[in-house]
Amino acid sequence: MTWWQWEFKRTLRNRVFLTASALLCLFVLTAFGYGRSQINKQLQVIDRLERLITESDQVYFQERFKDEEQLGRACYYLSQSTAHKPLPEASLSLGQRDLHSYHQIVRLRTLYAHLFDSGFSNPSQAAAGHFDLAFVLVFLLPLLVISLTFDTLSADAERRTLPLLRVSGLPLGKLVAGRLAVRFLLFGGLTLTLVGLSLMGCGAPLQSLAPWLTVTVAYLLFWFGLAGAVCSLGWSSTRNAGALLGLWTCLTLVGPAVLNLCLPRDAIKSGASITIRARQVVNDGWDIDKEITAKAAVGVDPRYAEAPILQEKFSWSWYYAMHDAGDAAVQEQAADYFRNLEENYRRSLSWSLLFPTVRMQLLLEEFSGTDLLSHLDYYLFVKQSRQDMRDELLPRVFSEETVTKRQLLKLHDELPMKVYEPKRARLWSREVLEFLLLSLLMAATSLILLHGVERSLRG
């Protein structure tokens, strides 16, 4: 039996390895079930939302509208639902789907007064996050790696079997590197198998396997390399474990928190102010000259310059001009809001190379369509959906068109839910390549340090 065969057999019989493997299977199974349940709940909400809005509007139109009504009055209630449809992989990395709205209703009324509305949630749960597969890989997998590697060399020194290893003829550095390689292959193979089964279980396409498995291998390689570097110092098992747990704390908790504090906070504070400002402008429109309102609305839609807005009487053209004036008043602020959020995200993605845990989390969210950029694209999709509705209905409102109840219900039925589907991320992006290079650099550093492990033990 060769040394490699013996080491594989020894590792497979090791209680720590078997315990870590069992815990990993349990964690992945629990995370898979939790993620699926969360996405199923969101899909049920989306499905009920479309049905409830349709039923509510139809009942209201039947009971409250005469057979001949101005279309402008009907457009006050006429609504179209939109939804941010999750990719199948979203159940494995829920990302920011609990922070940003995944369903919106658009009307001819002001967009920004309602765009940032969201439901109430438990702040404790939001702070704790979700127990999805991404959480297992980012936070728990390194702890299991540490449990497998912290005593790779020190256990022999403490059991006084180190002299036997020295007489085996194999350099001590190569022997430790071989042990780490065997554990990397066995534990990494199990991890990749579980990730692959999770992707297939949630219905993800085959093309999603490559990015998930690639970054998982890179992340494992980083932590095994880090463990090898610590073991090469010749410390005791207790000191190795303490050092690795300290590094885990810095890379997963302290470092990301510091990075988050260093990012500008202005963009985060402006969402509510946009809503308040837009609603205030709409409310003020009742008390100011209608020409002022019409001129402000032209900034959103030039067609208001020709709209029939009369000073002496109410018109639906003037009413919707008030709402568009509210949008005009905040559109620059809203553009800054989205631009600042995107800049914050890209800045955090760049700096995350210092903290592989953050880079891993952001990449998994990107692969799952649950990252910030996907939600920002969804907001643009909602804005375009409302623009499509305005292009179709606003000229008819200006012409003071009247509709029968039957025509109104038909018009309502022609506004089905619009669904936004996030784009799938490219595998070989710059961020993925940087992550791979960082992991390879850590592994190479570990091999170099292990080459001098004899000097560390003598020291």
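The table below gives the values:
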{"read-out": "Listing of helices (runs of 4 or more DSSP H) fully contained in the stretch 369-459 that carry 3 or more residues being buried (at least 18 other Cβ atoms within 10 Å of the Cβ)", "value": "372-398, 405-413, 430-451"}
{"read-out": "Those residues of the stretch 149-164 which are among the hydroxyl-bearing types (Ser, Thr, Tyr) and not in a helix (DSSP H, G or I), in sequence order", "value": "Thr152, Thr161"}
{"read-out": "Every pair of residues 6+ apart whose Cβ atoms lie under 7 Å, when the first sits in the stretch 285-310 and is farther than 22 Å from Gln387 by Cβ and basic (Lys, Arg) while the second is at pLDDT below 90 and part of a loop (DSSP other than H, G, I, E, B)", "value": "Lys290/Ile309; Lys290/Gln311"}
{"read-out": "Residue that is surrounded by the most Cβ atoms within 10 Å (Cβ to Cβ), among those in the stretch 58-87 that are among the small types (Gly, Ala, Ser) and under 16 Å from Glu400 (Cβ atoms)", "value": "Ala74"}
{"read-out": "Residue match in the stretch 64-71 (condition: at pLDDT 85 or above and closer than 15 Å to Asp371 by Cα)", "value": "no"}
{"read-out": "Selection status of Glu55, farther than 29 Å from Tyr337 by Cα and loosely packed, with under 13 Cβ neighbours inside 10 Å", "value": "yes"}
{"read-out": "Residue ID - farthest from the chain's Cα centre (by Cα), chosen from residues in the stretch 296-315 that are over 16 Å from Asp327 (Cβ atoms) and outside any helix (DSSP H, G or I)", "value": "Glu312"}
{"read-out": "Selected residue (criterion: nearest to the chain's Cα centre (by Cα)) from residues of the stretch 210-250 that are of a type in the set (S, T, N, Q) and over 18 Å from Phe435 (Cα atoms)", "value": "Thr249"}
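The values are calculated or read from the model by the stated rules, or taken from the named source; none is laboratory data. Everything numeric in this text was worked out from a predicted model, so none of it was measured. Glycine also receives a Cβ, built like all others from the backbone with ideal geometry; neighbour counts cover every protein chain displayed.
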